[in-house]
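One structure is given below, encoded as structure tokens.
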Amino acid sequence: MPHPFATHVGVRRLVTAATAAPSVHNTQPWRFRLHDASVLELHADPDRKLDVLDPRGRALYISCGAALFNLRLGIRMTGHRPLVQSFPDNVDDPNLVAAVAVEEAPMPSSTHAELYATIPHRRTSRRPFSKRIVSRAVRDELVEAARAEGAALGMPGPQTTAYLLSLVADADRRLVADDRYLTELARWTCGRGRDDGIPWYAYGPRPTGRGLPMRDFGLAGPVTGRDADDFAVRPQLGVLLTQGDEPADWLLAGQALQRILLTATRRGLSTSLLSQPWDMQSGSRPDTGATRPAGHIQAIIRFGYGPPVPGTPRRPFPAVLQRTQKGWK
Ligand SMILES: Cc1cc2nc3c(=O)[nH]c(=O)nc-3n(C[C@H](O)[C@H](O)[C@H](O)COP(=O)(O)O)c2cc1C
């Protein structure tokens, strides 16, 4: 099998798959660097960190983890296995998140191939979902996706769902009253003709305040003619947990998140995230109370059946890849 980093086309395919990952406010806080066509490095881009919303860099590392999962899948599709070294010691570059080498391996399972094929179809949907229930079999598959990445996914019942949504609503109220939050939000929304940030067509309807406390991306510069809509009062939530709450755990959470989201997409589900409780938190964890003993909550995911939504833009391949040696084959 040809080495996946040996050609321009091969690296382009891998990096394009990686950058299709979700990222907080679509900041795409990553850079890739290829060393001697043998190691592909994933770096966090500190210029794209949300200093107000994400002072610890938690959302940044989760975003990088999601990109790393796609990169791993892409490598599996080439008849190789990724050899990932997370946070290698590198005094020259504190932003180095992972160094990825490869070794030959049997072709991937059909599950891997299907998840890879799903990458371009996954997107965040901020529209209301139908009342259709997510079946037990699909929920079990989502739980297994988290476990396969060393994380856990809880599927809360009505009481815990109500509690979690009250936390999200409280946090959302706190955020929208904060000018620093709104100023930063404006920087990553409202842009036209951009290849990052959240475009107006992805905002979804304006939440009415009844039902689910969706984050309103239209706050910083309202889109005219945007309809309001009610969101379900008791949506199907998933709670992603890790054992620790440090950068390595956030990177793991990002990989698990992306595996869950791709698994959900493959099963016809729409998804979105409710991250408000973590925003602007500089302490080690938000107050997520009763669910704490099971681990650290890293994400609240909303699952359901919704209408198709358009994809969001990404920065082009040359903007995110740096090479340290000349000469592609
Ligand atoms: C760590 C993280 C936190 C996120 N938090 C939210 C959120 O609170 N609300 C929301 O609607 N989307 C959230 N998103 C989704 C991003 O806004 C979305 O991935 C990005 O705009 C790119 O769009 P796409 O997912 O459709 O490709 C989050 C994504 C990540 C990775």
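The values are calculated or read from the model by the stated rules, or taken from the named source; none is laboratory data. In this text, all values refer to a predicted model and were calculated from it rather than measured experimentally. Methodologically, a virtual Cβ is constructed for each residue, glycine included, from the backbone with ideal geometry; neighbour enumeration extends over all protein chains shown.
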Val309 versus (1) within 10 Å of the ligand (Cβ to nearest atom); (2) modelled with pLDDT under 95: which is the lone unmet condition? (2)
For region 30-57, how many residues meet the condition of being within 16 Å of the ligand (Cβ to nearest atom), within 18 Å of the chain's Cα centre (by Cα) and either crowded, with 24+ Cβ neighbours inside 10 Å or among the hydrophobic types (A, V, I, L, M, F, W, C) (or both)? 6
So how many residues does region 220-277 have that are more than 15 Å from the ligand (Cβ to nearest atom), under 16 Å from Val309 (Cα atoms) and not basic (Lys, Arg)? 2
Members of region 94-131 that are of a type in the set (A, V, I, L, M), within 16 Å of the ligand (Cβ to nearest atom) and more than 18 Å from the chain's Cα centre (by Cα): none
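Yes/no per residue for (1) in contact (Cβ under 8 Å) with a residue 12 or more places away in the chain; (2) outside any helix (DSSP H, G or I); (3) not aliphatic (A, V, I, L, M):
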residue: Arg13; (1), (2), (3): yes, no, yes
residue: Ala21; (1), (2), (3): yes, yes, no
residue: Phe32; (1), (2), (3): yes, yes, yes
residue: Asn90; (1), (2), (3): no, yes, yes
All but one of (1) away from the ligand (no atom under 16 Å from the Cβ); (2) farther than 18 Å from Val84 by Cα; (3) modelled with pLDDT of 95 or more; (4) not charged (D, E, K, R) hold for His8, so report the exception by its number. (3)
So Arg173 ticks every box in (1) assigned to a helix (DSSP H, G or I); (2) in contact (Cβ under 8 Å) with a residue 24 or more places away in the chain but one. Which box is left unticked? (2)
Checking Pro213, Pro128, Pro207 in turn, the sole residue that is more than 23 Å from Leu50 (Cβ to Cβ), buried (at least 17 other Cβ atoms within 10 Å of the Cβ) and touching an Asp or Glu at 6+ places or on another chain (Cβ under 7 Å) turns out to be Pro128
Looking at Ala99, Ala66, which is the one that is surrounded by fewer than 22 Cβ atoms within 10 Å (Cβ to Cβ) and either of a type outside the set (Val, Ile, Thr) or part of a helix (DSSP H, G or I) (or both)? Ala99
State whether one or more residues within region 171-188 are over 20 Å from His25 (Cβ atoms), of a type outside the set (Phe, Trp, Tyr), surrounded by fewer than 19 Cβ atoms within 10 Å (Cβ to Cβ) and at pLDDT 95 or above. no
Does Leu182 count as away from the ligand (no atom under 14 Å from the Cβ) and part of a helix (DSSP H, G or I)? yes
For residues that are under 30 Å from Glu144 (Cα atoms) and touching a strand residue (DSSP E or B) at 6+ places or on another chain (Cβ under 6 Å), tally how many sit in region 213-230. 1
Name the pairs whose Cβ atoms lie under 7 Å apart, with the first residue in region 215-234 and of a type in the set (A, V, I, L, M), the second in a loop (DSSP other than H, G, I, E, B) and within 14 Å of the ligand (Cβ to nearest atom), and 6 or more positions between them or separate chains? Ala220/Cys190; Val223/Tyr203; Ala228/Pro205; Ala232/Pro128; Ala232/Phe129; Ala232/Leu212
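Residue-by-condition table, conditions (1) among the aromatic types (Phe, Trp, Tyr); (2) buried (at least 23 other Cβ atoms within 10 Å of the Cβ); (3) at pLDDT below 95; (4) part of a loop (DSSP other than H, G, I, E, B):
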residue	(1), (2), (3), (4)
Ala253	no, yes, no, no
Leu261	no, yes, no, no
Thr265	no, no, no, no
Gly268	no, no, no, yes
Met280	no, no, yes, yes
Ser284	no, no, yes, yes
Asp287	no, no, yes, yes
Arg292	no, no, yes, no
With respect to the numbered conditions (1) in contact with a helix residue (DSSP H, G or I) (Cβ under 6 Å, 6 or more places away or on another chain); (2) within 14 Å of the ligand (Cβ to nearest atom); (3) hydrophobic (A, V, I, L, M, F, W, C), which one is the sole condition not fulfilled by Leu60? (1)
